[in-house]
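The values are calculated or read from the model by the stated rules, or taken from the named source; none is laboratory data. What you see is a predicted model; the values in this text were computed from it and never measured. Cβ placement follows ideal geometry from the backbone for every residue including glycine, while neighbour counts extend to all protein chains displayed.
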Amino acid sequence: MTYEVVWGFPVALYLFLGGMTSAAFYIGVLAELFSKGKYRNLARIGSYTILVPIVIGLFMLLVDLGRPLSFWHLMIQSQPSWHLVLQTGSVMSIGVWLLVIYIIICGVIYPAFWLAEESVGSRLPIVNLLKGKEKLRKIIGYIGIFPAFLVSIYTGVLLAVSSISLWGTTPFIPILFVASAGTAGIASLIIALYCVKQLSFEVMEKLVKAETVFVCLEFLTVFVLIVTLLFKGQALEAIKAILGGSLAVLFWIGFVLAGAILPYLMNHYHLKLRNGEKRLPVVASVLSLFGSLFLRYLVLMAGYIR
Amino acid sequence: MKEVGIKRRCFLKFSGLAFASTAANCFFGLRPGFAAEGRTPWRNKAMLNDTAKCIGCLSCATACKKANSLPDPYKYSLETDAETWTTVKFKKAADNRVLNVKMQCMHCTTPSCAGICPTGAARVTEGGVVVIDQEVCIGCKNCVVACPFNVPGFSEETGTARKCIFCKGRLEKGLIPACAEACPAGAIEFGNRSDLLTKATNRVNELINRGYQNAQVYGIDQLGGLKVLYVLPEAPEALGLPHSPKLANGDSVLKWATGILTAGVLAVAPLRSIFQERAGDGGSKPEGRVKIT
């Protein structure tokens, strides 16, 4: 059994933050769209949770590079002459450009529209020009859904397009990461709403319902992934390590119990109480975020067990 | 006088040829010695590893390290990595015999490393040798997880991915790869791919006649054909080689599609039913909007 770590914790954090922010964005914008504006506050808060985490995520990616100062080779190269780089067969190359588009639209432009409506933002130059441009904000939000979706998917496809059995044998890792990003996105929305004292019972109820869907999808995908790999006789050592070996604690305690089941029960208990302490869903959301992070770290580490 | 005249004619003739040859070399950028075969005379060359002949002496690994200035030439490594570009894996066969499988970059015709490299540092050169351009590589390690043979390794020292380059520098000088030159058992041969294939087929027939029913030639059509061929006395899987190595990004469209389908259907549809406001639900008065000051 070889266990050489290629992509470690910084990459797990990068994948997690990419997924979390993108899901927070599209859940917020879709909530506003489907509710015909009733839950527009989710779009506003969601857009504010993108820029800082994604910049931290990109910093993690740089940290993991062997030559961090040459990161620009991903986008621009000087040989034989200066040109932009897009390797269409490379998921990482596509992902880099997706992230650029995503950060510009969802992390900068769209939140700027919301910021223009705040008393802080209306005093800022350029940003104040966007004040009252509600229709344009909505259009940019809808456009931003696409790069947000694709970033969420990209985090899984990056691993799936490899020769590591656990990641690449089936097409389920992208599905798993989309589902996990959904739970993380909802958790980040709950925490952000709590921080600005806008976490109402009604919004909480809706978000918990959405979280239930993503958690169910997550568990279903993990189950299907493991069964498929067992059926194909692939990544058996990795599955052994996850279910009962060196990664079992991280899987059962970190991801299944503390990261998914416990937050789910805590949120439902909070809804049952109706006017219960709002710190409970916040604690549940923090656990949920750790669960999503553990999942990515677990998938990365298990992949190296061959 | 007559004798001198002939010599002068010969001198002029050869001088003219030499001048023409030099001019052609300068104009077309041909390297001395390769003018007749083009710039990459190793294009149709290949390597044949005869697993049944390998004695596991690791002369190849040592010679490789010395030729490529890699550290610790006498240190054995179980796997190829950034500092071990070729090694021998000792695999136990079903009848408890130990078979020695030399591992190095296979120089695939359609390599996964070149396909997934985001900077284009990993690429197939003109002569079919797969290289990782050390000036362009940023050390993202994508090629390390993409190679179906688990060959490239990440070097902490250089911050780049590194692997066997088929002794490209030696080939350019008209030499053969160091591992092939060093093998004392004749288990590594370097030559024309077609000749080696014929030789390998004959060897496999010989092995089958000796009772190795699973003997086969490996590398003929895997990933478009490998520049490193093998004579295997057993099935590839038994020797740690993938039977049908896959191009890592060969099914990337499927993987993008499943992700898009999940996000599009399994995530959006429930979100729609959860957040959708129906008639009589209390209108669409904005909820929980408080200005931040």
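Structure summary
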| quantity | calculated |
| --- | --- |
| Leading residue by the ranking (farthest from the other protein chains (Cβ to nearest Cβ)) among those in the stretch A:164-175 that are free of Cβ contacts under 8 Å to residues at least 40 places away in the same chain and crowded, with 24+ Cβ neighbours inside 10 Å | A:Gly168 |
| The listed residue being in contact with a Lys or Arg (Cβ under 8 Å, 6 or more places away or on another chain), in a helix (DSSP H, G or I) and not polar (S, T, N, Q), out of A:Val157, A:Val203, A:Val208 | A:Val157 |
| The stretch A:69-86: number of residues that are more than 7 Å from chain B (Cβ to nearest Cβ) and in a loop (DSSP other than H, G, I, E, B) | 7 |
| From the options A:Ser81, A:Ser119, A:Ser70, A:Ser93, residue that is at pLDDT 95 or above and among the polar types (S, T, N, Q) | A:Ser93 |
| In the stretch A:29-47, the residues that are within 19 Å of B:Ala267 (Cα to Cα) and polar (S, T, N, Q) | A:Ser35, A:Ser47 |
| Filter result (more than 8 Å from chain B (Cβ to nearest Cβ), over 15 Å from A:Pro147 (Cβ atoms) and in a helix (DSSP H, G or I)) within the stretch A:34-56 | A:Leu42, A:Ala43, A:Ile45, A:Tyr48, A:Val52, A:Pro53, A:Val55, A:Ile56 |
| Any hit, the stretch A:124-138, residues being within 12 Å of another protein chain (Cβ to nearest Cβ), surrounded by 15 or more Cβ atoms within 10 Å (Cβ to Cβ) and not in a loop (DSSP other than H, G, I, E, B) | no |
| Index of the failed condition, A:Glu218 passing every other in (1) facing chain B (nearest Cβ under 8 Å); (2) assigned to a helix (DSSP H, G or I) | (1) |
| Answer from A:Val196, A:Val161, A:Val178 - the residue that is at the interface with chain B (Cβ under 7 Å from one of its Cβ atoms) and either surrounded by fewer than 24 Cβ atoms within 10 Å (Cβ to Cβ) or acidic (Asp, Glu) (or both) | A:Val196 |
| Matching entry among A:Leu262, A:Leu257 (being closer than 26 Å to A:Tyr14 by Cβ, touching a residue at least 24 places away in the same chain (Cβ under 8 Å) and not basic (Lys, Arg)) | A:Leu262 |
| One residue from A:Val222, A:Val282 being of a type in the set (Val, Ile, Thr), crowded, with 16+ Cβ neighbours inside 10 Å and modelled with pLDDT under 95 | A:Val282 |
| Helices (runs of 4 or more DSSP H) within the stretch A:223-306 that include 3 or more residues touching a Ser or Thr at 6+ places or on another chain (Cβ under 7 Å) | A:279-303 |
| Residue in the stretch A:94-101 that is free of Cβ contacts under 8 Å to residues at least 60 places away in the same chain, more than 9 Å from every other protein chain (Cβ to nearest Cβ) and farther than 30 Å from B:Lys246 by Cα present | yes |
| Conditions (1) free of Cβ contacts under 8 Å to residues at least 40 places away in the same chain; (2) among the aliphatic types (A, V, I, L, M); (3) more than 18 Å from A:Ser288 (Cβ to Cβ): number failed by A:Val213 | (3) |
| For B:Gly120: the one exception among (1) in contact with a Gly (Cβ under 6 Å, 6 or more places away or on another chain); (2) at positive phi; (3) among the small types (Gly, Ala, Ser) | (1) |
| Members of the stretch B:172-196 that are over 21 Å from B:Ala61 (Cβ atoms) and either of a type in the set (Lys, Arg) or without any contact (Cβ under 8 Å) to a residue 60 or more places away in the chain (or both) | B:Lys173, B:Arg193, B:Asp195 |
